[in-house]
Amino acid sequence: MSLQTSAVAAPAAIGPIWPVIPIADGEITIGRASNCSVCLQHASISRTHLKLIRAQQRVEIEDLDSRFGTFVNGARIKRTVLKPGDSVRIGSSPPYRFSGDALEAVLDGSGIAMRLVEVAVEREGRRLIGGINLTLRPDTFIGVLGPSGAGKSVLLSVLNSTVPPTSGTVEFDDGLPLRDNLPYFRSKLGIVTQDDLVYVDLTVEENLQMAALVRMPDVSPESLARRVDGALESVGLLEHRAKRVGVLSGGQRKRVSVAVEMLMQPRLLLLDEPTSGLDPGMQARLMEILRGLARRGVTVVCTTHTLDTLNFFDQVVVLGLREHVASVVYQGDPRQLLSSFGVGSQADLFDKLQELAGEKKPAAASPAAEAESHAETSTRERPRFLPPPPPEPGAQRIWQQAQVVWRRTGLSLLRDRTATILAVAQPPCLALLIMLAQSNQPMSIALLFFTILVSVWLGLQLTVREIVHERRLYIRDRLAGLHPNGYLLGKLLFAVSVTAVQTFFLWFFIRFIAPAVVNQAASDKLHDTSIIMGFIILMLTGTGASILGLIVSTWCTTETAAVTFMIFVLLPQVLLSRVIYGEPYRGVKWEDPSPYMPFLHLVKGDSVTAQDDDPKKMTKLTVATLSLPMLTRPGTAALDMLANTDGVNYVLSEFVYLLFIVGGYGAALYWGFRYKERSWNDIR
């Protein structure tokens, strides 16, 4: 079917297809009338909707007093000049992209339509929502209203695919089953939770840049800049791009969260009570922005517990409780909401929603409105063939994501001035305390043991809050494409980087300043200790401790619990050690049989006692067994043996032993994290 673009020739009817519109010299009129240069048969397009005027290289677009308006880059216009790359929407059409010579429809940029049929969700034998029949029209701003406990968050979880329904079906676009098309659906989904999932120590622009790099593997710097600028412009934050998120107001932070999701140009945006805690002015500003996004081709669904913003919605869905089960009791025009329930105020409405047990039929929109809504959804032209799911990211992609996580975590630490000062000041301060406390010890092992112990402490406290603190942020990025291996690798790179700096300061003070403070005999031993090997041993010990901190952070549910549990991880490193056991003070050498025997003796199966009839043999065996996974055991031995043994094999064996423990911690972290993160995401 040909398309006539001449100003005098009549075009053929186009039907529901959104064609490419070439722009030649002169004027082109667009509308539903047969005498228009381009005829688009759609209910939201006026008979003569707009015209395009081309003179030389300049293209102007003029709205001809259309009913549903003409929008350029989301703003309704009367007349303006088009620039290549501009987004044009004709009524509620899909967005058109101006290439310089034509307008090209971007069908995949139109909002998602969704349909829920008899959806129910049960948890632990209790039905939370039931009998949900719901149609969400594309490119509309939809409010989900209901009292606390009425199932708003559960419904939102069904819509975002993280909670599969116990019964019923969820479809999107032209009847595509949600459960069979999760990769595609999630690639077109944006989620903004009630909590602001942003990095408060990064700037607005850095938050978006990091998020874009995680989500888009092969984006060029130029494309990245355009995406970031477009997302910031869509939420009105261009002038705040260089500000730290931590200094922004609550409404501005919420807009940053929205901008992060807009980077991927989603077709469906879900928000959980975004206006909670905002003053009326900020509420209105945010709702106006969200309504503007719906006009630009995004289906926006927003839960709320207040009627103050009701006038911003195109459609409202009301949930109520019937026999303690949430169900849809109204769907339709927000202006008819109160009259449908026969109430005159918000308080009366919420009281009635809590007491629906005796009602047999819920209030609802008119049958004509429902039929019109369903017809508009079903006749809208959309892509019928989904792209294949993205492949599992390769090693290069995982490495790119790891670099983003490493940089983001490092910047967060550097921007937190107090945390940075503590991270740098702790090693020399603790080294000085060790020197003073051990200044009268005739042997170097106690000094070196506490040096090892400090490296364990530094590694633990560096990472013990990392994962639990970012859990919600991780879930957001995980659903957007972040691979668990990339995230873990990035955290390990961060831990190694900081541990290297802290270990350098710690070992420098111990190795070069302690000899002037401690006993002469201990000073001589320190002088004989290898500088490079000592640094490597401390570095490896600190890295192992940071991995242990990440394990604790993975399994604990709150930061308070993680910090508390860290004490139970640290104390065994102290108590199950050769120094606390008292062997150095009895003159026991490393070569002597002991619960803390060298790794070479352990491999050979040597007894832990000098005599087989030792009455404390079982106690010593217990101590030896419990101390095996402690970093302080091989760490102290390897460091002290650098100056107190003649055999290189002893030092090398303890070094291998230390590597083995660190590797075991790493394996435990990997498998534990992969196991736990499944429950965080609830991806089934």
Could you go through segment 540-560 and let me know if any residue there is without any contact (Cβ under 8 Å) to a residue 60 or more places away in the chain and within 28 Å of the chain's Cα centre (by Cα). yes
Select from segment 283-335 the residues that are crowded, with 21+ Cβ neighbours inside 10 Å, in contact with a strand residue (DSSP E or B) (Cβ under 6 Å, 6 or more places away or on another chain) and under 23 Å from D196 (Cα atoms) and list them in ascending order. L290, L293, A294, V298, T299, V300, V301, C302, T303, T304, F313
Hits in segment 558-585 - residues which are closer than 21 Å to E466 by Cα and touching a helix residue (DSSP H, G or I) at 6+ places or on another chain (Cβ under 7 Å): T558, E559, A562, F565, M566, V569, L570
Of the candidates L626, L621, L550, L600, the one satisfying the condition of being under 30 Å from F494 (Cβ atoms) and either among the aliphatic types (A, V, I, L, M) or modelled with pLDDT of 90 or more (or both) is L550
Exactly one of G111, G130 is open to solvent by less than 20 Å² (accessible area, probe 1.4 Å), in a strand (DSSP E or B) and on the phi < 0 side of the Ramachandran plot, and that one is G130
Any idea which of R253, R244, R267 is closer than 21 Å to R215 by Cβ, among the charged types (D, E, K, R) and touching a residue at least 60 places away in the same chain (Cβ under 8 Å)? R267
Condition check for S153: closer than 14 Å to G320 by Cα, in a helix (DSSP H, G or I) and open to solvent by 10 Å² or more (accessible area, probe 1.4 Å): yes
Evaluation of Q502 against (1) at pLDDT 90 or above; (2) under 18 Å from G666 (Cα atoms) (one fails), failing number: (2)
Count of residues meeting criterion [open to solvent by less than 10 Å² (accessible area, probe 1.4 Å) and within 27 Å of V317 (Cα to Cα)] in segment 233-253: 2
Within segment 261-303, take every residue that is touching a helix residue (DSSP H, G or I) at 6+ places or on another chain (Cβ under 8 Å) and polar (S, T, N, Q) and give me the one that is farthest from T135 (Cα to Cα). Q283
Those residues of segment 303-316 which are among the β-branched types (V, I, T) and over 17 Å from D351 (Cα atoms) amount to T303, T309, V316
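Here is a yes/no grid of residues against (1) surrounded by fewer than 20 Cβ atoms within 10 Å (Cβ to Cβ); (2) part of a helix (DSSP H, G or I); (3) in contact with a His (Cβ under 6 Å, 6 or more places away or on another chain):
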{"residue": "R179", "(1), (2), (3)": "yes, no, no"}
{"residue": "G190", "(1), (2), (3)": "no, no, no"}
{"residue": "Q194", "(1), (2), (3)": "yes, no, no"}
{"residue": "L197", "(1), (2), (3)": "no, no, no"}
{"residue": "A211", "(1), (2), (3)": "no, yes, no"}
{"residue": "A225", "(1), (2), (3)": "yes, yes, no"}
{"residue": "V228", "(1), (2), (3)": "no, yes, no"}
{"residue": "A231", "(1), (2), (3)": "no, yes, no"}
Return the only residue of A446, A425, A419, A431 being under 26 Å from T554 (Cα atoms) and either in a helix (DSSP H, G or I) or open to solvent by 40 Å² or more (accessible area, probe 1.4 Å) (or both). A419
Testing P274 on (1) touching a residue at least 40 places away in the same chain (Cβ under 8 Å); (2) part of a helix (DSSP H, G or I); (3) open to solvent by less than 20 Å² (accessible area, probe 1.4 Å), one condition comes back false. Which one is that? (2)
So if I check each of M287, M282, which one is under 26 Å from T70 (Cβ atoms) and part of a helix (DSSP H, G or I)? M287
Would you please list the contacts, defined by Cβ atoms under 6 Å and residues six or more apart or on different chains, that run from a residue in segment 594-608 that is closer than 13 Å to Y650 by Cβ to a residue that is modelled with pLDDT under 80 and open to solvent by less than 50 Å² (accessible area, probe 1.4 Å)? P598/W590
Out of (1) modelled with pLDDT of 75 or more; (2) aliphatic (A, V, I, L, M); (3) closer than 24 Å to L128 by Cα, the one V343 does not meet is (3)
Select from segment 637-655 the residues that are surrounded by fewer than 14 Cβ atoms within 10 Å (Cβ to Cβ) and in a helix (DSSP H, G or I) and write down the one among them that is modelled with the highest pLDDT. N649
All-but-one check, H49 against (1) more than 30 Å from G149 (Cα to Cα); (2) open to solvent by less than 20 Å² (accessible area, probe 1.4 Å); (3) modelled with pLDDT under 90, failing number (3)
In segment 663-681, is there at least one residue being at pLDDT 90 or above, touching a Gly at 6+ places or on another chain (Cβ under 7 Å) and in a helix (DSSP H, G or I)? yes
I'd like to know if segment 53-74 contains one or more residues that are assigned to a loop (DSSP other than H, G, I, E, B), crowded, with 21+ Cβ neighbours inside 10 Å and modelled with pLDDT under 80. no
Only one of V301, V258 is of a type in the set (V, I, T) and either part of a strand (DSSP E or B) or over 28 Å from the mean Cα position of the chain (by Cα) (or both); which? V301
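The values are calculated or read from the model by the stated rules, or taken from the named source; none is laboratory data. Note that the structure is predicted; figures quoted are calculated from it, not measured. Glycine also receives a Cβ, built like all others from the backbone with ideal geometry; neighbour counts cover every protein chain displayed. Just so you know, the surface numbers come from the protein's heavy atoms only, side chains and all, with ligands and any DNA or RNA stripped out. Shrake-Rupley method; radii C 1.70, N 1.55, O 1.52, S 1.80 Å.
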